[in-house]
1. Mind pulling the per residue volume of the convex hull built on the Cα atoms of segment 174-300? Å³ is fine.
2. Summarise the long-distance tail of P(r) for segment 61-216 by giving the % of C-alpha pairs beyond 20 Å.
3. Which distance in nm do the two modelled labels at residue 72 and residue 342 give, with both placed 7 Å along the Cα-to-Cβ direction?
4. Rounded to the nearest 0.05, what FRET efficiency do residue 18 and residue 105 have when you use their Cβ-Cβ distance and R0 = 25 Å?
5. Specify the residue with the greatest mean-square fluctuation among 173, 197, 217, computed from a Gaussian network of the chain linking alpha-carbon atoms under 10 Å apart.
6. Which of 50, 269, 194 moves the most in a Gaussian network model of the chain with Cα springs under 10 Å?
7. Does anything in segment 345-360 have its amide N under 19 Å from the 7 Å Cα→Cβ label point of residue 321, and if so which residues?
8. Which parts of segment 359-403 would a label at residue 282 reach, counting a residue when its backbone N lies under 15 Å from a point 7 Å out along Cα-to-Cβ?
């Protein structure tokens, strides 16, 4: 049921916009049976539709209206004779995710189901015009495809209190140690960031390798939340190393079960880290999202003498064939080709990323059958940074708090 209590004779006036901002944009209202009605607004800078070049305002919500779906793209609706555009949807009250708006001067329309490949290309072109929500007061960031996105947290989403200062733009910048890793084996060089939390002897500090290091350093600066949890006693004093991807091409090549990448980390990078910030070698975790989640699990299963566990967030265990959830790594496990001793895995996947969710469900069964300890968590969300940041901290606590 569409709710439009906000529509009245003042709609579009300065007073009306101030009221919307005070109430919160997007507008979140309780729905039926554990849901929320969410209304998105956009204010046309050119005024009402008669004086505006804008013909569509597409809305891209991760896992809801995004390029992973064959459903026709959704556009906000203009309120006649005002500068107001709006769109409403119903979401579970525990949903969390990001979104962006795409003002467009084209008058494209869609009917029925679209070809997936053509639709992905269409979204890719539109993303060049995408913008974060200028009416959302929370911090925006650059998503994986380069467009700026805004956050949306519904009332019963998993708790992320330690991220509040980051979201509100008042987080203190935590200085990180910064290095350039020149790899002879890989024939390239990349940035590496290092964060040491708490006070402890080097022999007692575990190490966590965070893949997609630029993400955890710039897009979702994790150092502050790590320090908060360490001070609260929820995480041990530790060494965190964030490893840059260089670029998307290197990421695709190196994070898809690439032995050279992991041999370079073990033979070149880990000895350097031991010099920069000594750590306890027998409790190293690897954490990553998407291809990084796949890579973290691959490293732990292939070199269990080096890596004690993996945190995989939306792990791409379908690789290399996108349509099949039973990918190469699960097949290696099923065929008994990865005879690793019991290791610990924290797997998280969004209920709105269908292929990845199916692949994670299969993989967690394979890991359990092979004797590994698995903590598996489907969450209400999509392939999204806001889910991953919560999953990373939950995974660290789960794997380090108990033996």
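What follows draws every value from the coordinates through simple rules; no lab data is involved. Nothing here was measured: the structure is a model prediction, and the numbers come from that model. Cβ coordinates were reconstructed from backbone atoms using ideal geometry, including for glycine residues, and neighbour counts include every protein chain displayed.
1. Working: hull volume 12.9 nm³, N = 127.
Once divided by residue count, the hull of segment 174-300 is 101 Å³.
2. Details: 8052 of 12090 pairs.
Cα-Cα pairs in segment 61-216 separated by more than 20 Å: 67 percent.
3. 5.5 nm
4. Details: r = 28 Å, r/R0 = 1.14.
Efficiency, rounded to the nearest 0.05: 0.30.
5. Largest GNM mean-square fluctuation: 173.
6. The residue with the greatest mean-square fluctuation here is 50.
7. In segment 345-360, the label zone of residue 321 (backbone N under 19 Å from the point 7 Å along Cα→Cβ) covers 354-360.
8. In segment 359-403, the label zone of residue 282 (backbone N under 15 Å from the point 7 Å along Cα→Cβ) covers 403.
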